[in-house]
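Notes to accompany the following structure.
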Amino acid sequence: MRRREPFFANINLLGRCELDCPFCLGHSVPFAPSPKEIPNHQDWPNLDKFLDRCRGREIDRINLTGLNVDPLQYEDLSGLCNELHEGGFKVGLRTNGLHARERMAEVNAFDSVGYTHVSKKWCASPPDVVDLVRATTAPTRVSFVMTEQTIGELWPLIWKFRAGKKPKYLQIRKVWGGSDADCAMFDQFAASLDVDHKMEERFCEAPTYTVLGMKVVLWTTVETTANSLNYFIDGTISDEYVIVGGYNVARALERKR
Ligand code: SF4
């Protein structure tokens, strides 16, 4: 699938996440300080260079996300968000929501917020993402990673959103590098959705539907045309949308220099 020109950027925090999601892309990344040891963003190498690269590509939207840690585990997230705003960027947050309730004033300073549904299978008390969406003033997106373990939680989640405030959309993701069984779950769900609902439009080639009044996007990363620039707080810069692959390639090139 040919990708579009990058139209947003990510700042990927690195650290030690308190969760251990089986599909986490960051397990192989060696730089994983404890949250208290994550250096302040004033000391992150190449950040200014990356922001200049974004401006040069006319990208004005940056998401704060994490590769092996959640951004809400970083203490000075507000300071970073403010500085990016002052630099002329719109700033989005991508979080598992574990600390969103206690930091809701900071969360609400973002221009958009993406919550990832946390499964009861690997978190004893997962946050209530329906409650978080209702408490968040910025437009929200909810991501649901479809696996054999999580599928049983999908319809109850959709059902809970049927009344009251909804996210801008629910993104159902095919797990990256998942097992055959995980991939089959997604494919079966996609096929059944297509039988019962009319596909309305495509976003970056991903099909979208309306289910119980909520927009639902079926997201298979390799089959979309989405594209972004990526920065990692150890100073690595990647022009690849594929996060870990791009990180590893950029690091290998850096070592050769
Ligand atoms: S919450 Fe995110 S960073 Fe943490 S283990 Fe899960 S996928 Fe990885």
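Every number here is computed from the coordinates shown, using simple stated rules; none is lab data. The structure displayed is predicted, hence computed values, not measured ones. With ideal geometry, Cβ positions are generated from the backbone for all residues, glycine too; neighbour counts draw on all protein chains shown.
Could you tell me whether any residue of segment 45-67 is surrounded by 14 or more Cβ atoms within 10 Å (Cβ to Cβ), in a loop (DSSP other than H, G, I, E, B) and within 16 Å of the ligand (Cβ to nearest atom)? There is at least one residue in segment 45-67 that is surrounded by 14 or more Cβ atoms within 10 Å (Cβ to Cβ), in a loop (DSSP other than H, G, I, E, B) and within 16 Å of the ligand (Cβ to nearest atom).
Strands (runs of 3 or more DSSP E) fully within segment 168-257 that include at least 1 residues being over 19 Å from R4 (Cα atoms): 169-174, 206-211, 214-219, 228-232. The sole residue among H85, H41, H99 that is away from the ligand (no atom under 12 Å from the Cβ) and in contact with a Leu (Cβ under 6 Å, 6 or more places away or on another chain) is H41. One residue stands out among those in segment 143-167 that are assigned to a helix (DSSP H, G or I) and of a type in the set (A, V, I, L, M, F, W, C): the one that is surrounded by the most Cβ atoms within 10 Å (Cβ to Cβ), which is I158. Scanning segment 131-142 for residues that are farther than 21 Å from D76 by Cα and either surrounded by fewer than 19 Cβ atoms within 10 Å (Cβ to Cβ) or among the acidic types (D, E) (or both) gives D131, R134, A135, P139. Annotation note: Cβ proximity below 8 Å between a residue of segment 152-163 that is under 16 Å from T140 (Cβ atoms) and a residue that is assigned to a helix (DSSP H, G or I) (sequence gap 6+ or interchain) occurs for L157/V129; L157/V130; K160/V130; F161/V130; F161/V133. Among the residues of segment 73-114, those identified as in contact with a Lys or Arg (Cβ under 6 Å, 6 or more places away or on another chain) and either surrounded by fewer than 20 Cβ atoms within 10 Å (Cβ to Cβ) or not in a strand (DSSP E or B) (or both) are K90, D111.
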